[in-house]
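Here is the structure we will look at, set down as structure tokens.
Any read-out appearing in this document is the output of simple, stated calculations on the displayed coordinates, not a laboratory observation. Note that the structure is predicted; figures quoted are calculated from it, not measured. Positions of Cβ are backbone-derived with ideal geometry, glycine not excepted, and every protein chain shown enters the neighbour counts.
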Amino acid sequence: MKVLVMFVDEFSYRPNTRNLDSAEEITEGKTFANSILAFIQVEEADEQFDVASREKKLVNHLKWTARKNNCNSLILHSFAHLSESKASVEFTREIFNLAEKRLQNAGYTTAQTPFGYFLDLEIKAPGYSLARIWASL
């Protein structure tokens with residue numbers, strides 16, 4: 001799993017093109033402020049492990065990043081461009097849903113960008129060291 005995490009002053013998305021036939025129809029975008037934005041790519045090799053173990057590893061990384069940025073809001077964004085390897089849609093969605101639930105249970109405010117869409121993005125992010133963290137989990 002590859003993860004690029006950014007602290008964002010502001011983040012907005014608008015659905016542009018649905019690229020997954022099974023994705024629900026989404027027409028409205030959203031805007032967030034003072035959040036951790038996580039670009040996440042679940043890889044094929046992750047499917048060799050139990051989904052719960054991969055989800056826990058992701059959540060631990062996101063919680064660490066949130067603490068380092070004194071932030072309580074996290075946005076999960078499926079971003080299949082951090083690696084050439086991709087896990088199945090079902091496995092990826094399960095990790096995202098389990099991770100979101102675990103984060104909410106820990107007191108975080110969470111959101112997911114629409115899965116199965118190319119999105120128009122607007123990102124305003126500060127330029128300090130821990131505002132951008134890349135990890136291979």
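Observations on the model:
- Condition broken by Ser83, with the remaining ones in (1) more than 14 Å from Ser136 (Cα to Cα); (2) in contact with a Lys or Arg (Cβ under 8 Å, 6 or more places away or on another chain); (3) of a type in the set (Gly, Ala, Ser); (4) touching a residue at least 60 places away in the same chain (Cβ under 8 Å) satisfied: (1)
- Residue match in segment 54-73 (condition: hydroxyl-bearing (Ser, Thr, Tyr), outside any helix (DSSP H, G or I) and farther than 23 Å from Ile26 by Cα): no
- All positions within segment 36-50 that are under 15 Å from Ala99 (Cβ atoms) and not in a helix (DSSP H, G or I): Ile36, Leu37, Ala38, Phe39, Ile40, Gln41, Val42, Phe49, Asp50
- Count of segment 1-57 residues which are more than 20 Å from Asn72 (Cβ to Cβ), β-branched (Val, Ile, Thr) and either touching a His at 6+ places or on another chain (Cβ under 7 Å) or exposed (fewer than 13 other Cβ atoms within 10 Å of the Cβ) (or both): 2
- Of all residues in segment 111-137 being under 20 Å from Met1 (Cα atoms) and among the polar types (S, T, N, Q), the one that is surrounded by the most Cβ atoms within 10 Å (Cβ to Cβ): Thr113
- Inter-residue pairs, beta-carbon under 9 Å, first more than 16 Å from Lys124 (Cα to Cα) and touching a residue at least 12 places away in the same chain (Cβ under 8 Å) and in segment 28-52, second assigned to a helix (DSSP H, G or I) and among the charged types (D, E, K, R), 6+ apart: Val42/Arg54; Asp46/Arg54; Glu47/Arg54; Val51/Glu94
- For segment 62-81, the set of residues classified as under 11 Å from Leu4 (Cα atoms) and crowded, with 19+ Cβ neighbours inside 10 Å consists of Leu62, Thr65, Leu76, His77, Ser78, listed by residue number.
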